[in-house]
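Report on the structure given below.
None of the figures in this text is laboratory data; all of them are computed from the coordinates on show. Please read all numbers here as calculations on a predicted model, not as lab measurements. Cβ placement follows ideal geometry from the backbone for every residue including glycine, while neighbour counts extend to all protein chains displayed.
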Amino acid sequence: MSEIRTLTETRHHNIIKIYGFCWHSKVSFLVYEFLEGGSLDKILSEETQAIALDWSKRIKAVEGMANASYYLYYGYSPLIVHCDISSKNVILDIDYEARISNFGIAKPLYPNSNNWTSFAGTFGYAVTELAYPMEVMEKCDVYSFGVLALEIIMGKHPRDLIMLCFSSTSSSTTLTIVAHDLDLKEVLEKRLPYPRNSVAKKVMLIVRIASTNLNENPRARPTMEQVCKELAMLKSHIFGSIHGFI
């Protein structure tokens, strides 16, 4: 019912469309649009598909996820926290446009209401404050977005990088994983040629943005509005400092 309620009321090109459903005691099913590209986790796990997902397509996927998340928080009422943003729940169409799917555990947030929950997301993407009963907030999805953005750029789950970040930062500081091209060479997807010129700058900006989303302190993470403003630089080719987030 959470899936049906959310998807029949949302209208955004980066959120999967539902065309119908059957809710019966003997059989229940949902009918979605068919997306030829498949899920990100399967694409990244298969070498041929991962190579086809070049840097421009990966940048496009990150932008799409950010736009969908922004809509859920600022373009839809009540605000919705997805609670399970992961590579298995992001599907690409034939043009590599990303769609966020699986709203089964999404939480609508109402003012002055109880917004506490127990863990129900995907380990490795869900923020640490959801590992036990905790208040659901926008910053939970912000963390998951950061993990997934890094996964798209690295071609694999960034678990080792996340552990390194947490071991070298405190909740009062801003995470900065990559500052120079030399560092990027150790982080980027090895199945693709190293990005050059403006593409390299765009990739670096995504890594910087994603790193700030992984701050252990939820209040120190940016909002999705701030994330989208920074990502807008990808199209305007204006690259500024990320320190304005905090």
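Taking each of 26/88; 139/201; 156/229; 107/201; 26/139; 17/229 in turn, the alpha-carbon distance tops 31 angstrom for 107/201; 26/139.
Can you tell me the order of 11-22, 73-84 when each peptide is scored by its average per-residue count of other Cβ atoms within 10 angstrom, highest first? List each step's numbers first, then the result.
Values: 11-22: 15.6, 73-84: 18.3.
Per-residue Cβ counts within 10 Å, averaged per peptide and sorted highest first, yield 73-84, 11-22.
Does a label point 7 Å from the Cα of residue 94, set along Cα-to-beta-carbon, have any residues of the range 37-62 with amide nitrogen under 18 Å, and which are they? Backbone N within reach: 37-39, 53.
Counting only residues at least eight positions apart within a chain, or on another chain, the aspartates and glutamates with an alpha carbon under 19 Å from that of residue 190 are 41, 46, 47, 54, 151, 160, 181. Summary of packing: across the peptides 214-226, 142-154, 48-60, the per-residue average of other C-beta atoms within 10 Å ranks them, highest first, as 142-154, 214-226, 48-60.
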